[in-house]
Amino acid sequence: MIRPLIIALDVENRENMQELLKTLPKPLFVKVGMELFYSEGPAVIEQLKDEGHQVFLDLKLHDIPNTVKRAMRQLATLGVDIVNVHVAGGTNMMAAAREGLEAGTVDGRNRPKLIGVTQLTSTNEAMLQKELLIQSNMNGAVSHYARLAKEAGLDGVVSSAQEVPIIHEHCGPSFLTVTPGIRLKEDDKGDQTRIVTPEEARTLGSWAIVVGRSITAAPEPAAAYEIIRKQWEG
Ligand code: C5P
């Protein structure tokens, strides 16, 4: 099984995206987040797909079920490979997201995989308990959210790799685990708190890792990509 190394294209516009992509091997599995999608719109997805890349469109939808269903119907028409919602939106919202995706998927194409954000990798246990008033530890909160996502028909979740073993325990080994918060030992943590190295993510059993600044902010992104790919693939 090929386990994806997903590169977060956290750049301002298409020009910056092209600058970055021309330094890297292709095709890649890329993640388009709010910044790039809000600045360039669906055309950037079309371009990436035309160039042969796989695309995770990371818009983290979180709204009432009807709104999310209708939005997902639109996103499905873009032909992306993965989309996501916040599990905190509830099981009705997650089920509606899946219905919308099914309705919008063009005949003959695969429905985009639908995954749910459990707790952001920038959230730590103190924030969970003091700000969100979740009286559980991180593993308890993330595994509960993962179970809800599975019950609602999602294909997997986004979490830190640290919680992958407990997610697999609760949801089975084939439930997808997409894990950002990846850093090489020498890298700056930035705003992330629950971080692991690519090698640790592999050992913990992540299905995919999402890597942003460790590649995009490196002096030589192609060299950083190679180091990370080797650690990830083992
Ligand atoms: O630069 P860095 O590697 O920290 O980027 C991580 C990427 O993964 C960002 O694009 C961020 O939006 C995304 N992400 C995350 N935590 C989540 C979900 C997505 O960091 N739970």
Exercise for the section: State yes or no: is GLU35 among the charged types (D, E, K, R) and out of contact with any Lys or Arg (no Cβ under 6 Å at 6 or more places or on another chain)? Expected result: yes
Checked pairs for the range 43-70, first open to solvent by 40 Å² or more (accessible area, probe 1.4 Å), second away from the ligand (no atom under 16 Å from the Cβ), C-beta under 6 Å and 6 or more apart or across chains, list as LYS49/GLY79; GLY52/PRO27; PRO65/ASN92; PRO65/MET93; PRO65/ALA96; LYS69/ALA96; LYS69/GLU99; LYS69/GLY100
The lone condition HIS144 fails out of (1) assigned to a helix (DSSP H, G or I); (2) open to solvent by 60 Å² or more (accessible area, probe 1.4 Å); (3) farther than 18 Å from THR91 by Cβ is (3)
Pairing a residue in the range 194-221 that is at positive phi and outside any helix (DSSP H, G or I) with any residue that is within 13 Å of the ligand (Cβ to nearest atom) and small (Gly, Ala, Ser), where Cβ atoms lie under 9 Å and the two sit 6 or more apart in sequence or on different chains, gives GLY205/ALA161
For ALA103, the lone unmet condition from (1) of a type in the set (A, V, I, L, M, F, W, C); (2) part of a helix (DSSP H, G or I); (3) crowded, with 17+ Cβ neighbours inside 10 Å; (4) without any contact (Cβ under 8 Å) to a residue 60 or more places away in the chain is (3)
- Residue check for LEU176: of a type in the set (A, V, I, L, M, F, W, C), within 29 Å of LEU148 (Cα to Cα) and surrounded by fewer than 23 Cβ atoms within 10 Å (Cβ to Cβ): yes
Report task. Would you mind stating whether SER122 is over 23 Å from ASP63 (Cβ atoms) and either open to solvent by 10 Å² or more (accessible area, probe 1.4 Å) or at pLDDT 95 or above (or both)? Result -> no
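The values are calculated or read from the model by the stated rules, or taken from the named source; none is laboratory data. The structure displayed is predicted, hence computed values, not measured ones. Cβ coordinates were reconstructed from backbone atoms using ideal geometry, including for glycine residues, and neighbour counts include every protein chain displayed. Protein only, heavy atoms only, side chains kept; ligands, DNA and RNA dropped before computing areas. Shrake-Rupley method; radii C 1.70, N 1.55, O 1.52, S 1.80 Å.
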